[in-house]
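Notes follow the structure.
Quick note: the coordinates plus some simple rules give every number you see, no bench work behind them. Here the structure is a predicted model, which means the values were calculated and not measured. Cβ placement follows ideal geometry from the backbone for every residue including glycine, while neighbour counts extend to all protein chains displayed.
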Amino acid sequence: MNKEELISELTRLNISEKFYSIESKPKEYAYNLERLDVNKYSVYYLERGEKSLHEIFNNYDEAGNRLLSMIKRNLEDGLDLSK
């Protein structure tokens with residue numbers, strides 16, 4: 001999965017951009033995918049400046065899939081991420 005595919009899937013799921021950040025300025029109360037270095041990515045949830053569910057990946061595909069699975073878990077739990 002590349003960046004365009006990830007954004008396309010988030011759009012298809014009707015996820016508001018306020019609930020995620022992909023390789024841009026990290027957002028509070030959102031899932032973030034941050035590029036740390038060449039082929040090194042960080043995925044986490046940011047709340048009040050604290051990172052949780054923080055994981056490091058060696059390729060974009062794994063990082064993108066992890067971000068997507070975290071968001072899908074919220075949808076399965078009944079959270080509305082469309083507003």
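Within the stretch 10-58, track down each residue that is assigned to a helix (DSSP H, G or I) and surrounded by 14 or more Cβ atoms within 10 Å (Cβ to Cβ). Show your work before the answer.
From the stretch 10-58, those assigned to a helix (DSSP H, G or I) are 10-12, 17-19; that's our starting set.
LEU10, PHE19 - these are the residues of the stretch 10-58 that are assigned to a helix (DSSP H, G or I) and surrounded by 14 or more Cβ atoms within 10 Å (Cβ to Cβ).
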The stretch 1-16 residues that are in contact (Cβ under 8 Å) with a residue 12 or more places away in the chain, paired with ones that are of a type in the set (Gly, Ala, Ser) and buried (at least 16 other Cβ atoms within 10 Å of the Cβ) (beta carbon under 8 Å, 6 or more apart):
MET1/GLY64; ASN2/GLY64; LYS3/GLY64; GLU5/GLY64; LEU6/GLY64
So, of the residues in the stretch 29-60 that are over 12 Å from the mean Cα position of the chain (by Cα) and acidic (Asp, Glu), which turns out to be farthest from LEU6 (Cα to Cα)?
GLU50
